[in-house]
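The values are calculated or read from the model by the stated rules, or taken from the named source; none is laboratory data. This one's a predicted model, so the numbers in the text were calculated from it and none came from an experiment. A quick note on method: Cβ atoms are made from the backbone with ideal geometry, for glycine too, and the neighbour counts reach across all protein chains shown. Surface accessibility is based on the protein's heavy atoms, side chains included, excluding ligands, DNA and RNA. Shrake-Rupley method; radii C 1.70, N 1.55, O 1.52, S 1.80 Å.
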Amino acid sequence: MGILKIAETETNKAGAKNVSLIELEIGTLAGVELQALDFAWGQAVKNTVLENAVKKIDLIKAKGKCMECDSVFPLEHIYDPCPNCNAYLKGILQGKELRVKALEVD
Ligand SMILES: [Zn+2]
C-alpha cells in the first residue's frame, strides 16, 4: 500500500512515532471502493505508524472536458459522453486522484 509507505517516510522524517491524522484525496474515478478501503484499512495499518490515525477522506468528483466543444462536465463514469455534443473524446480534468493530502504526527 503506497499510502503506508508515504506515512512511514513522513513520520520518520519528523522524528515522530505515530500518525495522528491522515487526510486522503480520492477521485471518484480512481478505482477505489470506499467500503473496500475501509475494510482493508484496519488490517493494513495494524502495527504500523497508521494504527491509531484518524482517517479523513476528501472525495473529488470527476470532471471531464470535451475535446470537441470544450464543455466541462461532471463525469459519473469514465465512458460518459459529452452532454452537450455527445462526443466521447474528452480529457479528464480531475477524478483520478489518490493521494495523501495531509498528515499529522505525534
Ligand atoms: Zn462536447
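Remarks
- Taking a sphere under 15 Å around the Cβ of ASN18 and counting the other residues whose Cβ falls inside, with K and R at +1 and D and E at -1, yields a net charge of -1.
- Compactness ratio for the chain: Cα radius of gyration over 2.2 N^0.38 Å (N = residue count) comes to 1.35.
- A straight line joining the Cα centroids of the range 54-71 and the range 32-50 runs 24 Å.
- Rolling a 1.4 Å probe over the heavy atoms of the protein chains gives the chain an accessible area of 65 Å² per residue.
- The lysines within cross-link reach of LYS63, meaning a Cα-to-Cα straight distance under 24 Å and a gap of 8 or more places when in the same chain, are LYS90, LYS96, LYS101.
- Just the protein heavy atoms count here, and of the accessible area of the chain at 1.4 Å, carbon and sulfur take up 50 percent.
- Ranked by the mean number of other Cβ atoms within 10 Å per residue, highest first, peptides 92-100, 38-46 order as 92-100, 38-46.
- In this structure the amide hydrogen of LEU21, modeled in the peptide plane, comes within under 5 Å of the amide hydrogens of VAL54, GLU104, none closer than 5 places in sequence on its chain.
- For the chain, size of Cβ-based charge dipole, Lys and Arg +1, Asp and Glu -1, in debye: 160
- Less than 5 angstrom separates the built amide H of LYS90 from those of MET67, all sequence-distant by 5 or more or on a different chain.
- Length gained on full extension, ILE6 to GLN35, computed as 0.36 nm times the residue gap minus the Cα-Cα distance: 8.3 nm.
- Computed from Cα atoms, the angle from the helix 34-44 axis to the main principal axis of the chain rounds to 20 degrees.
- Cβ-defined net charge surrounding VAL72, 15 Å radius [Lys, Arg +1; Asp, Glu -1]: 0
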